[in-house]
Amino acid sequence: MPAAALPTQAAPSMATAGPASARTSEPGLLPSPASSAAPLPAGQCYLAAARGADPRAITGAALAAIGGIGRFVRAGDDVIVKPNICVDYREPEYAATTNPQVVAALVELCLAAGARRVRVMDMPFAGAPQAAYARSGIAEAAEAAGGIMEIMNPAKYREADVPDGRDLRSVSIYQDLLSADVVVNVPIAKHHSLARLTLGGKNLLGVIERPGLIHANMGQRVADLVSLVRPTVTVIDAVRILIDNGPSGGNLGDVREAYTVIASHDIVAADAYAATLFGLTGDDIPYVRKAAALGLGTLDLSSIDIQELDL
Amino acid sequence: MSPRWLRRLRQISQVVVFLTFVALLARAVAHRPGALWADLFTRLDPLLMIAASLSGRVFLSGLLLAAGVLLLTAALGRVWCGWLCPLGSLLEWLGPRPDRRAGRRASGCHKQPPERWRSAKTLLMVVMLVAALFGTQALSFLDPVTIMNRSLATAIGPALRHAVFAAEAFLYRFDALWVPLDALHRSVVAPLFQGVQPVFEAGVPIALFLAGLVALNWWATRFWCRYLCPLGGLLALVSRRALLRREAAAGCAGCGQCASACPVGTIDPQKGFRSDPAECTVCLDCLPGCTPGSTRFRFRLPERRAAGAWEYDPSRRQVLLAAAAAAAGASLAGVEPVTRRTPARQIRPPGASTRAFDALCTRCGACVRACPTQGLQPCLLEAGFQGWMTPRLVPRLGYCDYGCTACGQVCPTGAIPGLPLDQKRRARIGLAAVDHNRCLPWAYGVACIVCEEACPVPDKAIQLEVVETTGAEGEPVLLQRPTVVQALCIGCGVCEFKCPMGGEAAIRVHAPTEAGL
């Protein structure tokens with residue numbers, strides 16, 4: 001059951017973006033007041049989508065457009081990069097796991113900004129973490145960039161209240177996610193038969209002890225989880241996207257090359273933008289809609305300052 | 001070299017071999033290249049290799065390694081038992097202290113088992129090999145290498161991991177300790193234990209069996225090695241002709257130090273402190289206590305002739321009876337229902353169905369250890385008495401990982417073929433079925449797609465059919481219901497493992513069809 005017919009290559013709005021030109025969709029409008037995200041510094045866009053053949057380059061460009069990594073990472077910070085490494089049996093070309101070059105680029109940027117350490121972690125839902133880290137290509141790329149692959153330790157989950165949650169009142173969560181100075185959320189955009197799409201919000205299931213709990217009333221509970229974690233910045237890997245048979249895929253025929261990386265401090269806006277790559281809107285994804293309703297970001301892409309870059 | 005140093009050398013050998021054994025087993029997990037060495041000790045074990053070759057009607061390459069052990073025994077006697085065997089070492093270390101032993105024997109309050117029991121191990125070996133000839137290795141679970149593999153993999157290792165993680169979880173409650181604990185976990189704990197906490201249905205019985213062997217040490221030291229070990233029985237037969245033998249020489253003062261030091265009790269004061277080369281494990285414990293000058297106990301290379309008969313040597317009649325018992329047992333195996341129909345929940349490791357699995361499997365437990373999800377479990381009676389301790393997949397406890405070929409890599413006999421990953425992914429080990437009476441969407445109208453989400457087959461062997469049903473308030477609701485596509489399902493069981501129903505899953509994997517689909 002395909003999630004959606006995919007527009008050729010990328011979102012229609014991108015077709016108008018000239019090479020290396022920055023286009024501001026609504027120059028007059030600043031972020032919606034409903035957003036709880038950090039205030040936007042002058043001269044930087046709210047959300048950037050960079051397109052090009054080199055995953056590292058477009059990751060860097062997207063981050064630069066939203067104000068550079070220095071906007072989020074300060075010298076001495078403890079940084080966690082949270083990619084999607086869902087299984088131990090898929091190589092990166094199947095678009096089941098986050099692109100290793102995108103992860104590596106982020107690790108490098110954080111370290112260059114003076115981060116004390118940059119840890120990369122996820123809890124796969126099938127297979128051993130070590131095997132998943134290796135097969136995804138993320139271990140090699142992230143470690144070469146200076147990152148530390150952390151196998152998530154069962155002793156480090158703690159029950160935490162979710163003060164803003166509507167359904168999820170408390171959850172056992174990996175403590176480091178809450179104590180780190182910076183959390184960089186790096187999902188890969190892909191199909192999911194219940195959530196419709198796995199994007200920034202759903203990527204956070206990997207940091208709680210029992211992700212199975214989230215499968216009931218998923219829309220609200222993912223939104224509640226977002227309200228607890230509040231990642232510092234969300235960088236969506238849409239270099240390759242999986243349009244059917246997610247989350248683990250396995251058919252190259254289900255993979256589309258969108259060559260895009262989306263970055264924003266606003267997880268809801270980033271998810272809403274990524275949904276357009278699948279011919280959907282943020283409103284079509286229950287957890288994105290509910291997260292917006294909780295005031296965690298904006299769904300209205302016409303109200304924010306978006307830069308689309310072609311490299 | 002002085003006697004004391006020789007003994008020290010032996011103790012070092014025991015420690016090194018034991019640690020090697022544990023290290024090989026600890027490394028034998030799915031994604032480690034060292035997994036191939038996990039079967040080294042099984043291949044060195046002549047009893048297992050002969051039994052598996054006879055039973056499976058194949059020539060196993062391990063026979064060559066095992067022949068080396070037999071040659072070593074023919075030259076030096078039962079050095080395997082005294083210097084190398086990991087179970088023998090464990091039983092030696094966990095036995096009573098030597099001084100107390102001597103004291104208890106001197107006080108006369110301690111009655112040793114009758115000498116004729118020593119033939120039990122030889123007869124057990126005969127039963128095992130004759131049964132193997134008839135195509136069953138059901139008794140291979142009594143081999144010391146399989147006992148150690150199994151005990152470490154399903155009981156000692158998991159219990160140790162549980163203890164370490166419990167201690168760690170306690171210490172993690174103190175925030176100040178996180179930095180050193182993270183470092184410790186990263187460098188030691190995670191590499192050593194990794195993966196998930198292993199759980200085994202047979203873990204407690206296996207631990208009790210080993211505990212029983214240890215407890216017997218207090219009746220007679222190395223009770224298992226003296227009376228029961230079938231591998232010891234085979235090596236005893238060979239070492240009757242060993243070149244290196246212990247000799248009691250003239251000039252002995254009769255102090256009896258050697259007799260009380262001998263851990264297998266084969267030095268007999270009634271026979272001038274002579275010993276049986278078939279029983280002696282060449283441990284050399286008799287040498288250091290022997291007063292210099294008054295005796296010349298020594299090991300020497302005598303002319304090539306068999307040692308004399310001992311009263312406990314099995315008679316021809318006993319050997320024939322053992323062989324007859326083995327034949328009877330093998331015939332009785334035909335009575336078990338498992339020979340007519342595969343038990344519903346007997347799911348063998350990938351590729352096993354294409355081989356004479358039951359005949360080839362030595363019950364060594366290497367696959368159980370290597371399985372990264374602990375889906376492979378040693379059978380209790382699920383596969384009949386004849387399938388005791390063979391591996392089966394228990395999907396509710398762990399699934400067959402789509403990216404893993406570990407069990408086929410570590411199997412020492414080829415009972416589980418070493419399939420490359422692409423072939424293993426196509427190997428059908430079972431078939432899943434949705435229980436419409438328990439499945440959340442089917443039975444209760446509650447949305448759930450966890451099984452479909454987890455299905456690793458690229459085209460999804462679980463499809464979601466969208467139906468319109470009525471909600472609690474009478475409103476129309478669109479619901480996705482899972483259905484298994486028989487042609488695609490490989491029976492890996494991840495759906496059953498992930499099913500969020502309490503207790504038994506609402507989707508379960510059963511034995512593959514008999515239609516050859």
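The values are calculated or read from the model by the stated rules, or taken from the named source; none is laboratory data. No experiment lies behind these values; they were computed from the predicted model shown. Neighbour counts run over all protein chains shown; Cβ positions are idealised from the backbone, glycine included. What goes into the accessible areas is simple: the full protein's heavy atoms, side chains included, and nothing from ligands, DNA or RNA. Shrake-Rupley method; radii C 1.70, N 1.55, O 1.52, S 1.80 Å.
Quick notes
- Prolate/oblate/rounded label for the protein assembly as shown (Cα gyration tensor, a/c 1.5): prolate
- Working from label points 7 Å from Cα in the Cα-to-Cβ sense, the B:L208 to B:R97 distance is 3.2 nm.
- Dipole orientation for the protein assembly as shown: of the candidates B:A406, A:V87, B:S151, B:S151 has the Cα lying most toward the positive pole (charges on Cβ; Lys, Arg +1; Asp, Glu -1).
- Projected-area mean, segment B:428-517, by convex hull of Cα positions, square nanometres: 6.0 nm²
- Between segment A:262-311 and segment A:78-117, the C-alpha centres lie 21 angstrom from each other.
- For segment B:223-230, backbone phi angles converted through the Karplus equation (6.51, -1.76, 1.60; θ = phi - 60°) give residue-by-residue couplings of 3, 4, 5, 6, 10, 10, 4, x Hz, Gly and Pro being listed as x.
- Ligands, DNA and RNA left out, the accessible area of chain B computed with a 1.4 Å probe is 64% carbon and sulfur.
- A simple count of charges around B:C439, restricted to other residues whose Cβ falls under 11 Å of its Cβ and scoring Lys, Arg +1 and Asp, Glu -1, yields +2.
- Take the Cβ atoms of B:C255 and B:W5, set R0 to 25 Å, and the FRET efficiency comes out at 0.70.
- For segment B:106-199, the square roots a ≥ b ≥ c of the C-alpha gyration tensor eigenvalues yield an a/c of 1.5 or more together with a/b not exceeding b/c, which makes the shape oblate.
- Rounded to the nearest whole Hz, the Karplus-based 3J(HN,Hα) values (6.51 cos²θ - 1.76 cosθ + 1.60, θ = phi - 60°) of segment B:71-77 follow the sequence 5, 4, 5, 5, 7, 10, x, with x at glycine and proline.
- With a cut-off of 13 Å between beta carbons, the residues surrounding B:K271 carry a summed charge of -4, where Lys and Arg count +1 and Asp and Glu -1.
- Summing Lys and Arg as +1 and Asp and Glu as -1 over all other residues whose Cβ lies under 13 Å from the Cβ of B:E336 gives a net charge of 0.
- Beyond 18 Å in Cα-Cα separation lie the following of the pairs A:K190/B:K460; A:K156/A:K202; A:K156/B:K498; B:K121/B:K271: A:K156/A:K202; A:K156/B:K498; B:K121/B:K271.
- Solvent-accessible area per residue in segment B:1-425 equals 44 Å², computed with a 1.4 angstrom probe and all protein chains kept.
- Net length gained if the chain between B:L243 and B:S61 were fully extended (0.36 nm per residue, minus Cα distance): 62.8 nm
- Under 5 Å between amide hydrogens, built in the peptide plane, is the criterion, and for A:D78 it picks out A:R116, A:D181, A:V182 among residues at least 5 positions away or on other chains.
- Rounded to the nearest 10 Å², the accessible area of A:R289 at probe 1.4 Å: 100 Å²
- Distant-in-sequence amide contacts of B:A506, defined by a placed amide H-H separation under 5 Å and a gap of 5 or more residues or a different chain, comprise B:M501.
- Each Lys and Arg Cβ is given +1 and each Asp and Glu Cβ -1; about its Cα centre, chain B then shows a dipole of about 2800 debye.
- Judged by the ratio a/c of the largest to the smallest principal axis of the C-alpha gyration tensor, chain A counts as rounded, that ratio being less than 1.5.
- Based on the convex hull around the alpha carbon atoms, segment B:146-253 presents an average projected area of 12.9 nm².
- Each residue was assigned an accessible area with a 1.4 Å probe, and for A:R56 the value is about 80 Å².
- Distance from segment B:368-435 to segment A:148-206 (C-alpha centre basis), Å: 32 Å
- Computed E for B:V446/B:A215 - FRET, C-beta separation, R0 45 angstrom, nearest 0.05: 0.30
- Dipole magnitude for segment B:428-517: about 300 debye, using +1 per Lys or Arg Cβ and -1 per Asp or Glu Cβ, origin at the Cα centre.
- Positive-pole candidate from B:W224, B:A169, B:C367, dipole of segment B:1-425, charges at beta carbon: B:W224
- Interface A:B - total buried accessible surface [probe 1.4 Å, Å², rounded to 100]: 2800 Å²
- In order along segment A:193-206, phi translates into HN-Hα couplings of 6, 9, 7, 6, 9, 9, 10, x, x, 5, 4, 6, 4, x Hz, rounded to whole numbers, per the Karplus curve 6.51 cos²θ - 1.76 cosθ + 1.60 with θ = phi - 60° and x for Gly and Pro.
- Candidates B:P476, B:V466, B:H436 compared by Cα position along the dipole of segment B:428-517: farthest toward the positive end lies B:H436, with charges placed on Cβ.
- Computed with every protein chain present, the accessible area of A:I151 is close to 50 Å² [probe 1.4 Å].
- Spin-label pair B:A163-B:L71: with each label point 7 Å from Cα along the Cα-Cβ axis, the two points sit 4.1 nm from one another.
- A simple spin-label model places pseudo-atoms 7 Å from Cα toward Cβ; at B:R173 and A:R74 they are separated by 3.4 nm.
- Calculated [θ] (222 nm, deg cm²/dmol) that DSSP helices of n ≥ 4 give over chain B, each run adding -39,500 (n - 2.57): -11000 deg cm²/dmol
- Amide H partners (placed H, <5 Å) of A:Y157, local residues excluded: A:Q175
- Candidate cross-link partners of A:K290 among the aspartates and glutamates, defined by an alpha-carbon separation under 13 Å and a same-chain spacing of 8 or more, comprise A:D164, A:D167, A:D224, A:D271.
- Cα-centred dipole magnitude for the protein assembly as shown, charges only on beta-carbon of K, R (+1) and D, E (-1), debye, nearest 20: 5340 debye
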